[in-house]
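Report on the following structure.
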Amino acid sequence: MISKAIQNRNITLAEVTQQSANDVIRAIYDANTEDQKLVAEKRTPINLIINSEGGDVYSGFGIVEAIIHSVTPVHTICHGQAQSMAVLILAAGHKRSIGPYSTVMYHEINWDVEFAPGKFHRQELDEANRMQDVYDNLLLEFTNLTQSQLLLIKNQGTYWYMGSEDAMRFGIVDEIL
């Protein structure tokens, strides 16, 4: 039985958690399974509607991978906000849209290190740097942002908020609704 989310091809994403990512990934896979006998051009797109402050990096990468590998087009649509991990998910869509009053935000990823011996801190720092590189490289691939723009934000230790027009100018989205 196909869930209602798949029947109408609309999926919503708020906080990026392991559970929300699994739900989105499953919905994308279910739509692809349903469409497997159709050529890509004949498939009804999946609409991933985003209003999110972001969330878990690993879970977000899972959503991005599912979007990239989906033969059925995944259209990402921002209504409200796509911040942190959610901006990468928005940028990964096959067609990307944003509402006129919506905001996207980029920042260096946050990485918590619990109480542990120093060798674990080094290991966690290495992993955080690896994840930041993956995130930035994907964002650069999906958009027309530059490495120097991202480095400037990270070196300033700040957030980079953009309205819909700047999101369009930097190639994060293809259209303003």
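Listing for the model above:
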item: Contact order relative to length of the chain, as percent, for alpha carbon pairs under 8 angstrom and 6 or more apart; result: 20 percent
item: Added length on full extension, which subtracts the Cα-Cα distance from 0.36 nm per residue, H69 to N155; result: 27.7 nm
item: Average accessible surface area per residue within the chain, 1.4 Å rolling probe, Å²; result: 55 Å²
item: Compactness of region 1-95 as Cα Rg over 2.2 N^0.38 Å, two decimals; result: 0.98
item: For the chain, size of Cβ-based charge dipole, Lys and Arg +1, Asp and Glu -1, in debye; result: 460 debye
item: Sulfur and carbon atoms: percent of accessible area, the chain [1.4 Å]; result: 51 percent
item: Other-chain or far-sequence residues with amide H under 5 Å of G55's (modelled H); result: V16, M85, A86
item: Most mobile listed residue (I11, I89, I98) in the chain, GNM with C-alpha springs under 10 Å; result: I11
item: Separation of the T33 and Q19 label points, Cα + 7 Å toward Cβ, nm; result: 2.2 nm
item: Long-range HN-HN contacts of Q81 with modeled amide H, under 5 Å; result: S52, T103
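The values are calculated or read from the model by the stated rules, or taken from the named source; none is laboratory data. Predicted model, so just to flag it, every value in this text is computed and none were measured. When we count neighbours, we look across all protein chains shown, and the Cβ atoms used for this are built from the backbone with ideal geometry, even at glycine. For accessibility, only protein heavy atoms count, side chains too; no ligands or nucleic acids. Shrake-Rupley method; radii C 1.70, N 1.55, O 1.52, S 1.80 Å.
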